[in-house]
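Below is one structure; the comments refer to it alone.
All of the numbers you see were taken from the coordinates with simple rules; none came from a lab. Keep in mind that this is a model prediction, so the values were computed, not measured. All Cβ positions, glycine included, derive from the backbone under ideal geometry; neighbour counts span all protein chains shown.
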Amino acid sequence: MTAQVSITLMVNGERVEAQVLPRLNLADFLREQLKLTGTHVGCEHGVCGACTVRVGGEIVRSCLMLAVQVDGAEVETIEGLSDSGEIADLQDAFRDRNALQCGFCTPAMLMAAQDLLQQNPAPAREEIREHLSGNYCRCTGYQAIIDAVENAARARVGRTA
C-alpha cells in the first residue's frame, strides 16, 4: 500500500491541509476531496482544457498536475473567481451572448478568458480566439464565446477610461 503525503496549500484563499496519494492529480483532489466540482474532467490528457485552474496566478491543466506538486502553492478554481466577483462581468457577458450552451466547458473558458483579460485588457478577436484555443467546446462553435469575451473587454476598458 502506498503511503499518503501531507500537503498544505491555499485554495480560493482558504488554507487546506490534506493527506493525498502521491499519484492523485490536482483535478481529482479538488473535485473529490474538496468538493470543488466546477473543475471538470474531460479528457484526462490535458487536451480539452475543462480542468483549467490557476496555480500561483498561472492557468494550468489540473489533470496534468499532481496534488503533491501544489504543496505550498495558491490554487484558484472557478468557485473562487466567481465567489470573489472577479469574473461577474464575464459571466454576464457569457449569459447575454448565449455562450453557455451545455456548460461543461464554461468554467474553464471563463478562467482562460479572465487570464487573457488580465494580460491584455483590449485583445483583438484573433487574440481571444488564440488564447481560448486550448479549451474545447462542442456546443457553441466558439463565436458566441469570442463575442462575450470581446464585449466584457470593451466594457472593462470603458470603465477604466
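Pull out a ≥ b ≥ c, the square roots of the eigenvalues of the alpha-carbon gyration tensor of the range 44-103, then state rounded if a/c is under 1.5, prolate if not and a/b is larger than b/c, and oblate in the remaining case.
Values: a/c = 3.50, a/b = 1.57, b/c = 2.23.
Because a/c hits 1.5 or more and a/b fails to exceed b/c, the range 44-103 counts as oblate.
How much of the DSSP beta bridge set in the range 5-77 is antiparallel, as a percent to the nearest 5?
90 percent
So, in Å, what gap is there between the alpha-carbon centers of the range 1-57 and the range 98-161?
If we compute the Cα centre of each part, the gap is 24 Å.
Quick query: amide H of E44 versus all other amide H atoms, modeled in the peptide plane; which residues come in under 5 Å with a sequence gap of 5 or more or a different chain?
Under 5 Å from the amide H of E44 lies no amide H from a residue far enough along the sequence or on another chain.
Could you tell me the relative contact order of the chain? Use alpha-carbon pairs under 8 Å, at least six residues apart, and round to a whole percent.
Relative CO of the chain lands at 22 percent.
Given the DSSP H assignment, sum -39500 (n - 2.57) over each helix run of at least 4 residues in the chain and divide by its residue total; what's the result at 222 nm in deg cm²/dmol, nearest 500? All intermediate terms of the calculation are to be shown ahead of the outcome.
On the way: 5 runs with 55 residues, N = 161.
Helix-only estimate at 222 nm: -10500 deg cm²/dmol.
Among 34-40, 104-110, 120-126, how do they line up from the highest to the lowest mean number of other beta-carbon atoms within 10 Å?
Numbers: 34-40: 17.4, 104-110: 24.7, 120-126: 12.4.
Descending mean neighbour count gives 104-110, 34-40, 120-126.
Highest GNM mean-square fluctuation, the chain, Cα pairs closer than 10 Å: which of C139, C48, C63?
Greatest mean-square fluctuation among the candidates belongs to C139.
Give me R95, R61 sorted ascending by neighbouring Cβ count inside 10 Å, so fewest comes first.
Numbers: R95 11, R61 22.
With the fewest neighbours first, R95, R61 line up as R95, R61.
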